Amino acid sequence: MATSVIQICNNALLDLGEDAIMSLGDEGKAAGLCNHRWPAVRDAVLRAHPWNCAMAQAELAAATAAPLWKWEFRYVLPVDFLRIIQIVGADGNQVRDWEIQGGIVLCNEDAPIYISYVRRETDPRKYDALLDETLAARLAATLAYPLTGSTSLAQACWTVYQDKLGEARGVDAREGVPESVTPTNWLGAKLGGR
């Protein structure tokens, strides 16, 4: 597993046939591109799946101002929020009708609500080996054209990323099933719901 962002970036650069970098602040083009593209690539890959290492829960209190129309309550999302997996009301039932607008959850569920969400995990030591490989592959696909000028290499790297993403998702999903898709009884399992 990678122990740093630099290690993930270097894996991507080496896959492209580029020299490794010492830091994101290095003078070269590769370091500058890694420094610029890494946050967006990390967030995109983390949003692509409810990775076990990036899951979190939060209790949200309603904001004092109500939405202008359609919804009754507003809830501010955590600053590290990337993607909602599930919302549950104070009664323990899943909230099914909601939407997100500008970092705010809008719904008709009275406070508090509880969310299960994908957070922006910035510590690469918490990523498993397959997620490291997936991040490096997406970064390589993103950097391929700017560094090499080759659209065919960029496309080949994107295909590698898709393959690694599928493998990593599969293994990660087998290590834990999101609560929202786990039937709580045999009838729920038979009907495909809760």
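The values are calculated or read from the model by the stated rules, or taken from the named source; none is laboratory data. Treat the numbers as computed from the prediction; the structure is a model and nothing was measured. A quick note on method: Cβ atoms are made from the backbone with ideal geometry, for glycine too, and the neighbour counts reach across all protein chains shown.
Screening 20, 65 for residues that are outside the structural domain of residue 158 (by TED's automatic domain parsing), of a type in the set (A, V, I, L, M, F, W, C) and in a loop (DSSP other than H, G, I, E, B) leaves exactly one candidate, 65. Go through segment 23-43 and give me each residue that's surrounded by fewer than 15 Cβ atoms within 10 Å (Cβ to Cβ) and in a helix (DSSP H, G or I). Answer for segment 23-43, where residues must be surrounded by fewer than 15 Cβ atoms within 10 Å (Cβ to Cβ) and in a helix (DSSP H, G or I): 29, 36, 39, 40.
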